[in-house]
Amino acid sequence: MDYDVIIVGGGLGGLISSIQLAEKDYKVLLIEKYAYPFNKVCGEYVSNEVRPFLEHLGLDLEHLGCTNINKFKLTSTKGKSLETNLKMGGFGISRYTLDYELYNIAQKSGVTFLLNTSVDDIQKINEKFFVETNTNQTFETNLVIGSYGKRGKLDKSLFRQFPEQKQSFVGVKYHIKYDFPKDLIALHNFNGGYCGISAIEDDKYCLCYLSERKNVKQSGGIHEMELEFMCQNPFLFDIFQNAEFLFARPLVINEIIFTPKSAVHKNILMVGDTAGLITPLAGNGMSIAIRAGVIASDIINDFLRKKISRAEMEETYTNQWDKNFRNRLWRGRQLQKLFGDEFNSNLAISTLKKVPFLLNPIIRATHGKTL
Ligand SMILES: Cc1cc2nc3c(=O)[nH]c(=O)nc-3n(C[C@H](O)[C@H](O)[C@H](O)COP(=O)(O)OP(=O)(O)OC[C@H]3O[C@@H](n4cnc5c(N)ncnc54)[C@H](O)[C@@H]3O)c2cc1C
């Protein structure tokens, strides 16, 4: 079967693109490395920026047990703290549930899924793409969306090069049971990183952090690093002492980079983290992936309806991506410099305590308008 569009990777960017395109009656194949539902490293705090859009797609967030989060707490490496109300706020829901629910909606919209399958390479010959999988299958299509998340093996096959990043990060996630307010998201600094905690469905909490890789190397492992570096923050010490950890082992990802990437590479439209990952402290990588999926599918629709050429489609998408996200990602990178070390995190909190009205504009600087 020939597909109008093949989507590589079924996270939020890929799933939303697939739904939008299938609803316009295109034949869409989505190839995903794992089978739904599955857990994923992510802080699981979704900005309200995309809430109306997700509800419009048919997600009953209240019924799924999402938590409403409208308070924010920031602590320094030694536990100095600051709290504020969030103007826009967000909600907590696990990726296990959110991605699975969107997968169900995509199936109902007519998307074909190939699960437990990785795309190894993509070749373009004349006007056709040939998508090769690790199961030795090759699919032919007019258009490919790359939504395979952070840097991966496929970037190497596609000869995609990124500027060198000085620090290398590791991301870790747990689900825990803990005595903590459900309407609060806290970001706790520690030397070399920061850790978020917020409520999700079923009285559980997501505990997720980003740490410089050298911490893990220096301590000799994840658990050792948590004790040596993270537990210096009294709030994190309390969590590691008293929480019930629900996973047998932590969920870990490596190779997290925040350097700018290209929105189009080798005629492939990149969506979500594949086009650029915002620093997690902003709490809106998911809403960016969702919005990028909507933008990409609208422009692809114009191309498939022959209203614009391939070159125009690629140029329009690149411009739209830059307009919507490039500054937000840059601001996220600048903000991250205030995190993850004693001096900067203390200074940031002391300053913001004196001028608390600055906190909400800072938070807003990485957010967009409601979709
Ligand atoms: C530590 C950390 C905490 C974060 N916390 C938050 C937060 O609280 N709120 C927020 O909004 N954002 C957060 N983010 C960012 C957010 O997780 C991402 O921006 C979001 O998941 C991007 O969605 P995506 O669809 O681009 O990628 P993903 O959700 O990563 O999806 C990519 C998919 O592609 C699949 N895949 C990969 N390679 C292949 C291949 N070769 N073939 C087929 N499939 C493939 C993967 O299995 C995956 O399912 C956090 C990020 C990190 C690292």
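The values are calculated or read from the model by the stated rules, or taken from the named source; none is laboratory data. Values in this document were obtained by computation on a predicted structure and should not be read as measured data. Cβ placement follows ideal geometry from the backbone for every residue including glycine, while neighbour counts extend to all protein chains displayed. To get the accessible areas, we keep the full protein, side chains included, count just its heavy atoms, and leave off ligands, DNA and RNA. Shrake-Rupley method; radii C 1.70, N 1.55, O 1.52, S 1.80 Å.
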Low-density loop positions, trypsin sites (Lys or Arg not before Pro), the range 109-204 - DSSP coil, at most 14 other Cβ in 10 Å: LYS166, LYS182
Net length gained if the chain between ASP238 and GLU342 were fully extended (0.36 nm per residue, minus Cα distance): 35.5 nm
Gyration tensor (alpha-carbon) shape descriptor, the range 221-371, a/c threshold 1.5: prolate
Förster radius 56 Å - calculated FRET efficiency between ALA311 and PHE247, Cβ distance, rounded to 0.05: 0.75
Alpha-carbon radius of gyration plus Dmax, which is the widest Cα pair, for the range 44-163 in Å: 20.0, 60
Eligible lysines near LYS124 by straight Cα distance, threshold 24 Å, same-chain separation 8 or greater: LYS27, LYS33, LYS150, LYS153, LYS156, LYS261, LYS266, LYS306, LYS307
Tail fraction, Cα-Cα pairs, the range 3-364, threshold 35 Å, whole percent: 23
Helix 285-304 vs. the chain, principal-axis angle (Cα, 0 to 90°, nearest 10): 10
For the range 312-341 and the range 191-264, distance of Cα centres in Å: 24
Per-pair calculated FRET efficiency, R0 = 35 Å: GLU55 and THR318 via Cβ, rounded to 0.05: 0.70
Spacing of the two label points (7 Å from each Cα toward its C-beta) at ASN360 and ASN85, in nm: 0.8
Calculated diffusion of the range 191-286, Stokes-Einstein form, Kirkwood radius summed over Cα pairs, 25 °C and 0.890 mPa s, µm²/s: 158
Accessible carbon and sulfur surface of the chain relative to its total accessible area, %, 1.4 Å: 50
Heavy-atom surface of the range 3-364, accessible at 1.4 Å and reported per residue (Å²): 43
Separation between Cα centres of the range 1-34 and the range 107-156, rounded to whole Å: 10
Reciprocal mean inverse distance between Cα atoms of the range 145-254 - Kirkwood radius, Å: 15.4
Aspartates and glutamates whose Cα lies under 16 Å from that of LYS354, excluding same-chain neighbours fewer than 8 positions away: GLU83
